[in-house]
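Please treat every number below as a calculation from the coordinates, not as lab data. The structure displayed is predicted, hence computed values, not measured ones. We place every Cβ from the backbone using ideal geometry, glycine too, and count neighbours over all the protein chains shown.
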Amino acid sequence: MTTSASPKFDADYVATLREVLDIAVEQIAVEHRTPATKAKMAETIVRNAAEGVTDAGDLVSQAVAAGVGGAP
């Protein structure tokens with residue numbers, strides 16, 4: 001079985017990712033700002049950051065795209 005190492009984000013970077021999430025959530029419709037949608041958006045941000053995306057604007061755009069329709 002192969003396991004991949006989880007990325008290690010320091011506290012400052014986690015705080016930055018949280019700010020990215022807050023900015024992204026403000027850009028979706030109020031009715032979609034549910035815990036499930038926020039979790040989906042957060043997962044998108046973390047996944048993309050782990051893949052090497054470092055531009056905050058790109059992370060926000062990707063999170064908004066994930067959350068714009070809400071979560072199932």
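Can you tell me which residues in segment 30-58 are part of a loop (DSSP other than H, G, I, E, B) and under 19 Å from V14 (Cβ atoms)?
Answer for segment 30-58, where residues must be part of a loop (DSSP other than H, G, I, E, B) and under 19 Å from V14 (Cβ atoms): E51, G52, V53, T54, D55.
Which pairs turn up if I take residues in segment 55-69 that are surrounded by 19 or more Cβ atoms within 10 Å (Cβ to Cβ) and look for partners that are assigned to a loop (DSSP other than H, G, I, E, B) with beta carbon separation below 7 Å, at least 6 apart in sequence or on another chain?
L59/V53; G67/I28
State which residue is surrounded by the fewest Cβ atoms within 10 Å (Cβ to Cβ) when the search covers only segment 30-54 and only residues that are within 15 Å of A71 (Cβ to Cβ) and among the hydrophobic types (A, V, I, L, M, F, W, C).
Of segment 30-54, the ones within 15 Å of A71 (Cβ to Cβ) are 30-45.
Imposing the further condition that a residue be among the hydrophobic types (A, V, I, L, M, F, W, C) reduces the set to 30, 36, 39, 41-42, 45.
On the way: V30: 7, A36: 12, A39: 13, M41: 27, A42: 19, I45: 21.
Across segment 30-54, the extreme among qualifying residues is V30.
Are any residues in segment 17-29 surrounded by fewer than 16 Cβ atoms within 10 Å (Cβ to Cβ) and either touching a residue at least 12 places away in the same chain (Cβ under 8 Å) or in a helix (DSSP H, G or I) (or both), and if so, which ones? Give the derivation first.
Initial filter on segment 17-29 (surrounded by fewer than 16 Cβ atoms within 10 Å (Cβ to Cβ)): 18-19, 22-23, 26-27, 29.
If the condition is that a residue be surrounded by fewer than 16 Cβ atoms within 10 Å (Cβ to Cβ) and either touching a residue at least 12 places away in the same chain (Cβ under 8 Å) or in a helix (DSSP H, G or I) (or both), then R18, E19, D22, I23, Q27, A29 are the ones that fit.
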